[in-house]
Structures are given as structure tokens and as C-alpha cells.
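The structure appears below as C-alpha cells.
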Amino acid sequence: MTKKADKVQELEIKVNELEAQLKRAVADYHNLEKRVQEGRSELTRWGTGELLVKILPVLDHLDKALAGAAGDEKQNGWYQGVELAVKELQSVLQSEGLSQIAADPSTSSGQGVQFDPNLHEAVDTREGDDNIILEVVRKGYTLNGKVLRPAAVVVGRSNVTLGSEATPKAGEATPESEDSGQARLVSDESERARMTEEEKGEMSS
């Protein structure tokens, strides 16, 4: 009986070990399946992002064409056709997860849009409220919550002065340096003239 009980106990231990191994194998399989699915999704998002990056300049040109149209041109068929095409294109892009980054001052609630370095790219500064966006040079977009292209903007600065414009670049001459250079030139010419007169006096003597 003792041998039989030992055999049964040994078999139970092996069964438990096999059961644990099976559970680990199933868990590993589910994790692998999850990673493969995430990889496919990431690859799909990457491919979509690459395509959208190429489409955005086209959308920029269409927006500029609409914005540059005069009042009477907006009643023409070409304008209405382009406007409809832009709306349909924007709708398709939004369905793919594309969203425009908030930056336009005209669409804010009166407080202005705060500059966010994670969403905006400052291409210039202008006198105005600090860190408030004054102008959108190029629209920015996010894709499924991730920045696809930051918005290029002009940011307000309350301490913009003309002093920075007067700062010379490396190697450039300032008015002060030019004046001092001219003074040195006159001094050198006077010294040469004096020495010449002295030499003439010595020769005559």
C-alpha cells in the first residue's frame, strides 16, 4: 500500500507540474497574440500617419486657395466645388483619427490660445501678451492623440524691443567700431605726415 500511495502521490505531483506548465504556455500564447495584435495596430497607424503627412500639404494648399478667394469669387462654382471637396477630405481624415490642433486666435473664447511647446512650434515672436498665440502660419494636427505635425505659430512677447535688432552679428561692424576705425585712420595719416615733414627737415639740414 505504501508503494502504491507513493506512486499515486508522484503522479499527482507530475500532473500538477504539467498543469502549471500548460497554464504558463496558454498565458504566453495570449501575451504573444496580444503583442502581435498591438504590432499590427501600430503598423497600421504608422502607415496611416505616413500617408497623412503626404496629404496634409495638399490640404494646406486647398485651405489657402479658399482663404484667398475674394467675396464675389465665393459665389462661383469652382469655389463651392473646392470647398465641398475640402470638407469631404477633412471628414475622411477625421474618421482616420486626425484632429486639428487648437491654435487659431479667432476661434478662442477671447482669452487667446496659450502656447504649448508640445503642440505648437514658434516660428516668430511679436509684441503682445506673453505666450499667447497671435497668428497661425501653418495648421497642426494630431493622429489618434499623438502629434503628427505641430502648429507653426507666431507667439506674443511683452518685452520685444528694438535693441535686439541692433545687435550686430559676429564679424559685423557697429557704428561705434566704424567711428573708432575712422579716427584711427586719421590719426595714422597725421602721424605719417608728421614723420615725412621731419625727414624732409633732416635732409635739408
Please state the Cα pair-distance histogram of segment 1-96 with 10 angstrom bins from zero: what percent is in each bin?
12, 21, 14, 12, 10, 9, 8, 6, 4, 2, 0
With θ set to phi - 60° and the Karplus curve 6.51 cos²θ - 1.76 cosθ + 1.60, what are the ³J(HN,Hα) couplings of segment 48-60 in order, to the nearest whole Hz, using x for Gly and Pro?
5, x, 4, 5, 5, 4, 7, 7, 4, x, 5, 5, 4
Semi-axes in Å, largest first, for segment 54-115 (Cα gyration tensor, √(5λ)) are 23, 18, 10
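So if we plug the beta-carbon distance of V147 and E12 into 1/(1 + (r/R0)^6) with R0 = 41 Å, what FRET efficiency do we get, rounded to 0.05? Walk me through the numbers on the way to the answer.
Values: r = 58 Å, r/R0 = 1.41.
Approximately 0.10, to the nearest 0.05.
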In a shell of Cβ-Cβ distance under 13 Å around G156, excluding G156 itself, what net charge do Lys and Arg (+1) and Asp and Glu (-1) give?
-3
Long-range amide H partners of E121 with built H, under 5 Å
A151, A152, V153
Taking amide H positions as placed in the peptide plane 1.01 Å from N, state which residues far from L134 in sequence (5 or more) or on other chains have amide H under 5 Å from it.
V154, V155, G156
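Any read-out appearing in this document is the output of simple, stated calculations on the displayed coordinates, not a laboratory observation. Just so it is clear, the structure is predicted and the values come from calculations on it, not from any experiment. Neighbour counts are summed over all protein chains in view; Cβ atoms, including those assigned to glycine, are modelled from backbone coordinates with ideal geometry.
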